[in-house]
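Working notes, beginning with the structure itself.
The values are calculated or read from the model by the stated rules, or taken from the named source; none is laboratory data. Predicted model, so just to flag it, every value in this text is computed and none were measured. Virtual Cβ from ideal backbone geometry, glycine too; neighbours counted across all protein chains shown. For accessibility, only protein heavy atoms count, side chains too; no ligands or nucleic acids. Shrake-Rupley method; radii C 1.70, N 1.55, O 1.52, S 1.80 Å.
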Amino acid sequence: MHKALYRKWRPQVFDDVIGQDYIVTVLKNQVATGKIGHAYLFTGSRGTGKTTCAKIFSKAVNCHSHINGDPCLDCDICSSIQNGSAIDVVEIDAASHTGVDNIRDIIEESVYLPALCKYRVYIIDEVHMLSTSAFNALLKIMEEPPAHIIFILATTEVHQVPVTIISRCQRFDFARIEDSLIIEQLLKVADGEKIELERDAAAVIARLADGGMRDALSIFDQCAGFDNHVTRDVVSKVSGQADRSFILEMAKAICNEDTASALSLSMKAHSGSLSFNFIVSELISFFRDVMVAKSAGVKNEELFPVASDLDMISSYAQKLTMGQIMFCLDILSETLNTIGKSSYPNVLFEQCMIKLCSPALSADTSALLSRIEKLERRLLSVPADFSPFSQPAKTAEPVSAPAPKAAPKAEQKASDIDIPLGNESAPAVKPVEPSIKNEAKGMVPFTAWNKVLEILSSTNQSLLGALRQSRAFIEGDIVYIDTNDFSFSLLKNSENNRQSLKAAVAQVSGAPLKIARYKESRPAVASSDAMAEILKIAERNGVEVTKN
């Protein structure tokens with residue numbers, strides 16, 4: 001009979017336990033020094049090593065020739081405990097032994113010394129299932145236990161264990177095992193079992209296991225039974241989950257705001273009985289990678305569990321704004337929390353897709369931020385020589401508004417002047433007309449500005465994000481940057497950002513240049529005229545604007 005992989009590859013010594021380093025260290029030290037407690041409480045999610053550590057500990061405390069706290073595995077005691085024949089190590093399933101009579105049996109046995117071992121060890125699994133009377137009986141013996149008795153209580157629901165029991169135990173919280181550790185262990189098992197396992201497939205199994213090594217080995221065992229060459233597609237077929245190409249198609253429809261394609265894929269998932277929870281989880285993972293790529297780039301592959309999709313992730317990181325990415329993550333996270341409780345998960349999923357493809361339908365903060373950033377991008381795509389404050393076209397309807405008052409010349413001049421950055425003494429920027437006149441005065445576009453931004457992509461990602469939509473002009477030995485107030489404040493208030501930009505400019509130009517702020521001088525315009533012009537620009541660029 002085939003032996004399940006999770007049983008075949010169960011750790012036999014503490015050093016084989018994965019992802020629980022501090023727990024293993026404490027238990028080994030206690031065995032090595034002989035400072036052993038009378039009661040232990042192991043808590044954590046399923047498949048993280050609670051029962052495994054309990055069995056290893058029961059062997060270690062009874063082994064006469066333990067090695068630095070680890071059982072030797074060669075003596076008769078280690079062998080008998082391992083094969084379950086040792087009468088002094090008792091494993092009890094509290095889910096099927098919940099009554100007080102079962103605990104009374106333990107109390108009656110405790111008066112007798114162990115038959116062969118040094119300690120009689122009681123491993124009570126799922127201890128939270130005991131009844132109230134059983135807990136009271138257990139509490140009595142745990143208050144004054146015999147010296148030869150050790151209790152190891154294991155549970156996934158520690159909040160259901162009475163605090164009077166918890167307070168009498170040494171508590172160890174088993175954390176979910178990291179995906180990277182599960183992936184490496186799966187590859188090790190595959191090598192030992194002569195099974196071909198692709199790393200991308202191991203990454204999918206690790207995500208499905210949700211931090212449980214036992215679940216990961218069970219899924220892998222099932223996949224290996226389907227095909228000895230385990231790929232991503234094999235994992236998808238065996239687990240009944242959507243394959244990666246389906247997830248990427250769904251992500252593409254969301255990023256392109258293609259509602260029809262997203263709904264078509266949703267119906268395909270429903271007819272194929274695919275797990276909507278899994279699809280939403282995978283989409284969250286995808287947009288998480290896009291968010292990381294947007295913030296830190298894709299050069300550090302350690303930040304991305306699945307490296308084969310980096311090209312697509314990078315392209316969407318450049319296409320989407322951070323507000324759009326955050327909006328997608330918020331909607332997907334909200335859906336994941338509710339879809340499992342819904343009687344109509346397919347309808348809830350379709351609703352999620354419509355929201356993601358149509359941010360205008362949502363009024364929450366992330367949706368508004370996404371729409372504002374999108375509007376800003378479209379407005380920034382207007383040609384550089386176009387001024388929103390130019391005279392209205394002849395065909396436009398006149399807007400009646402009171403004539404604006406002319407600002408004092410001295411104040412207008414002062415408001416247009418920016419001081420160059422750094423400690424260098426550079427002439428102040430004189431008031432200038434729109435760009436077509438700037439060139440006539442000697443200021444010309446800095447054609448190498450894109451190369452400067454390309455250098456910043458590898459030296460200062462945050463500054464690159466701030467200056468991505470900026471322009472630059474050059475006059476003499478001064479580079480004038482045309483950007484918004486927030487982006488310019490990153491330069492003004494950060495010496496590191498200034499030096500990064502100066503170094504990039506010097507590398508491109510071949511000479512150190514000074515940096516200053518570029519501003520266009522515009523005549524004062526009535527607010528109603530300005531709003532009318534902004535509405536025209538938005539309409540010309542296909543942006544829907546609601547008039548209140």
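Figures for the structure shown
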quantity	calculated
Residue in the range 257-276 that is modelled with pLDDT of 85 or more and touching a Gly at 6+ places or on another chain (Cβ under 8 Å) present	no
Search result, residues across the range 259-304 that are assigned to a helix (DSSP H, G or I) and aromatic (Phe, Trp, Tyr)	Phe276, Phe278, Phe286, Phe287
Residue, nearest to Ala54 (Cα to Cα), within the range 117-135, restricted to residues that are of a type in the set (A, V, I, L, M, F, W, C) and either touching a residue at least 40 places away in the same chain (Cβ under 8 Å) or part of a helix (DSSP H, G or I) (or both)	Ile123
Filter result for the condition that a residue is closer than 26 Å to Ser457 by Cα and buried (at least 18 other Cβ atoms within 10 Å of the Cβ), over Lys299, Lys294	Lys294
Residue satisfying all of: in the range 1-44; hydrophobic (A, V, I, L, M, F, W, C) and within 12 Å of Arg214 (Cβ to Cβ); farthest from the chain's Cα centre (by Cα) among these	Ala4
Residue in the range 329-341 that is open to solvent by less than 10 Å² (accessible area, probe 1.4 Å), of a type outside the set (D, E, K, R) and more than 18 Å from the chain's Cα centre (by Cα) present	yes
Any hit, the range 529-539, residues being open to solvent by less than 40 Å² (accessible area, probe 1.4 Å) and at pLDDT 70 or above	no
Residues of the range 466-504 classified as open to solvent by less than 70 Å² (accessible area, probe 1.4 Å), in a helix (DSSP H, G or I) and more than 27 Å from Leu320 (Cα to Cα), total	2
Members of the range 305-359 that are among the β-branched types (Val, Ile, Thr), in a loop (DSSP other than H, G, I, E, B) and farther than 18 Å from Ile284 by Cβ	Thr321
Top-ranked residue of the range 236-256 - restricted to ones that are modelled with pLDDT under 85 and polar (S, T, N, Q), ranked as least open to solvent (accessible area, probe 1.4 Å)	Ser236
Within the range 94-121, considering residues that are touching an Asp or Glu at 6+ places or on another chain (Cβ under 8 Å) and either more than 30 Å from Ser65 (Cα to Cα) or open to solvent by less than 50 Å² (accessible area, probe 1.4 Å) (or both), the one modelled with the lowest pLDDT	Ala95
Residue count, the range 174-189 (criterion: in contact with a strand residue (DSSP E or B) (Cβ under 9 Å, 6 or more places away or on another chain) and under 20 Å from Gln241 (Cβ atoms))	2
Subset of the range 136-156 that is open to solvent by 60 Å² or more (accessible area, probe 1.4 Å) and not in a helix (DSSP H, G or I) - its residue that is nearest to Arg120 (Cα to Cα)	Ala147
Count of the range 157-168 residues which are open to solvent by 20 Å² or more (accessible area, probe 1.4 Å) and touching a helix residue (DSSP H, G or I) at 6+ places or on another chain (Cβ under 9 Å)	8
Verdict on Ser167 being without any contact (Cβ under 8 Å) to a residue 24 or more places away in the chain and of a type in the set (S, T, N, Q)	yes
Conditions (1) touching a residue at least 60 places away in the same chain (Cβ under 8 Å); (2) open to solvent by 70 Å² or more (accessible area, probe 1.4 Å): number failed by Phe57	(2)
Search result, residues across the range 77-93 that are free of Cβ contacts under 8 Å to residues at least 24 places away in the same chain and surrounded by fewer than 16 Cβ atoms within 10 Å (Cβ to Cβ)	Ser79, Asn83, Gly84, Ser85
Flag if Gly37 is touching a residue at least 12 places away in the same chain (Cβ under 8 Å), surrounded by fewer than 19 Cβ atoms within 10 Å (Cβ to Cβ) and in a loop (DSSP other than H, G, I, E, B)	yes
